[in-house]
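Chemist: Let me begin by handing over the structure; questions about it come next.
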Amino acid sequence: MQIYNPFKKFNRPKTVSGVFNETEVELANRNSGMPLESLEYDITPIGQHYLLTHFDIPHINKNEHILSFSGDFSNPYSLNCDEIKLLPAETIPVTLECAGNGRTGLDPRSFSAPWKYGAVGTSEWTGTLLRPLLKKAGLKSDVVEISFTGADRGYDSGHEHNFARSLTLAQVEELDVLLVYQMNGIPLLPQHGAPLRIIVPGWYGMASVKWLTEIKALKKPFDGYQQVGTYRFRQSKEEVGEPITEMRVKSLIKPPGIPDWTSRKRLVSPGLITLTGRAWSGGGKKITKVEVLSNNKWVEAKLINQNSKYSWTKWMLDWSAKPGHHILSCRATDETGDTQPVDPIFDVGGFANNSIQKVEVFVNDY
């Protein structure tokens, strides 16, 4: 007798512009964004870094956990957590952004975690570089990709699977992929992938697989759902689409003044106010310019040196706040000349929206 499985035929509900249903609210409660006031920090405090967990947070005993190098290696092997910590270590500050950040700014909106601006953060990730570990395992001549599988398992759009992603050999060679066991100087917390995860600097966060259990050499491209079924740029659900990789150039303002509890609109006193924020781009590209929009005029801000190749850059601008209603925005430009658009670039999945932020500010008259 075949048992009915409702998850295999699950279709995501349609969304209504500006209206969020109960399920989206539950997703927002499980997947916390970074408070925008945390843009104050070069390194985001761990408890304020954004989180996206597709399924459940696995409970893994780090004393028993084994990471296997399997598939088409000539010398497959396994490592436990203690052995990994004995390997040469590197610490890299990396800005990590969810590919769905900004989803609520698109219309129609894709049904998923309803991110606005906060799905981003910068941490100091400590681990060991992936390339030497693959070299030790011995890549066979016909290997084309390396897949990374996490312990988290569930359903997405009717597909049961462990969360898993892959990189091509060329991407592995180009990117400073880290096998990570520490975040901001302490062991990874369960929600951030303990005891092991990878970090793919310069790419959106979906590539940085958490709760890592297996690294596998493949003779053909990986076809897991999180690789081919989603995280692709599409204009319609029928398209194959293009894979999402590097982060688009983006910037955010730390909202000035004090907020209204529910609307998050801001109230500030008149006078000279120092606006600050952060800007970043993918692939280790430098930010060359940040401009702030006020009263329909773009004014260039001062850039503060970034901490590392892959971390965000701080910017500052003195703003003469005059009584009235204002919309503040910022836009960044990177070294390739890419600049944030004013309006979102549509994508059916709501991915990689890097359009300019809008902060509503009221300046009082006393």
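The values are calculated or read from the model by the stated rules, or taken from the named source; none is laboratory data. None of these values were measured; they are calculated from a predicted model. Here Cβ is always computed from backbone atoms with ideal geometry, including for glycine, and neighbour counts include all displayed protein chains.
Chemist: Could you list, ordered by first residue, the pairs with Cβ atoms under 8 Å in which the first is in the stretch 25-40 and hydroxyl-bearing (Ser, Thr, Tyr) and the second is exposed (fewer than 15 other Cβ atoms within 10 Å of the Cβ), at least 6 apart or interchain?
Modeler: Close Cβ pairs satisfying both conditions: SER38/PRO45.
Chemist: Let me ask another. Suppose the filter is surrounded by 15 or more Cβ atoms within 10 Å (Cβ to Cβ), of a type outside the set (Ser, Thr, Tyr) and either under 15 Å from the mean Cα position of the chain (by Cα) or not assigned by TED's automatic domain parsing to the domain that holds GLN306 (or both); does GLY47 pass it?
Modeler: no
Chemist: Same structure, new question: Please work out which residue is farthest from the chain's Cα centre (by Cα), limiting yourself to the stretch 211-249 and to residues that are basic (Lys, Arg) and within 20 Å of VAL348 (Cα to Cα).
Modeler: Ranking the candidates gives LYS237 first.
Chemist: What is the residue count in the stretch 30-44 for residues that are of a type in the set (Gly, Ala, Ser) and part of a loop (DSSP other than H, G, I, E, B)?
Modeler: 2
Chemist: Which one is nearest to the chain's Cα centre (by Cα), of the residues in the stretch 6-40 that are hydroxyl-bearing (Ser, Thr, Tyr) and surrounded by 16 or more Cβ atoms within 10 Å (Cβ to Cβ)?
Modeler: For the stretch 6-40, the residue satisfying everything is SER32.
Chemist: While we're here: Quick one: is THR313 within 17 Å of GLY283 (Cα to Cα) and free of Cβ contacts under 8 Å to residues at least 40 places away in the same chain?
Modeler: Yes, satisfied.
Chemist: Taking the condition surrounded by fewer than 19 Cβ atoms within 10 Å (Cβ to Cβ), in the same structural domain as GLU22 (by TED's automatic domain parsing) and of a type in the set (Gly, Ala, Ser), does SER123 pass?
Modeler: no
Chemist: Now for a different question. Can you tell me which residue is farthest from the chain's Cα centre (by Cα) among those in the stretch 50-86 that are surrounded by 14 or more Cβ atoms within 10 Å (Cβ to Cβ), among the aliphatic types (A, V, I, L, M) and part of a loop (DSSP other than H, G, I, E, B)?
Modeler: Filtering first and then ranking leaves ILE60.
Chemist: The conditions are (1) in contact with a Pro (Cβ under 7 Å, 6 or more places away or on another chain); (2) part of a strand (DSSP E or B); (3) closer than 16 Å to TRP203 by Cβ, and ASP152 fails exactly one of them. Which is it?
Modeler: Unmet for ASP152, out of (1) in contact with a Pro (Cβ under 7 Å, 6 or more places away or on another chain); (2) part of a strand (DSSP E or B); (3) closer than 16 Å to TRP203 by Cβ: (3).
Chemist: Filtering the stretch 292-305 down to residues that are crowded, with 17+ Cβ neighbours inside 10 Å and over 14 Å from THR276 (Cβ atoms), which residue is modelled with the highest pLDDT?
Modeler: The residue in question is LEU293.
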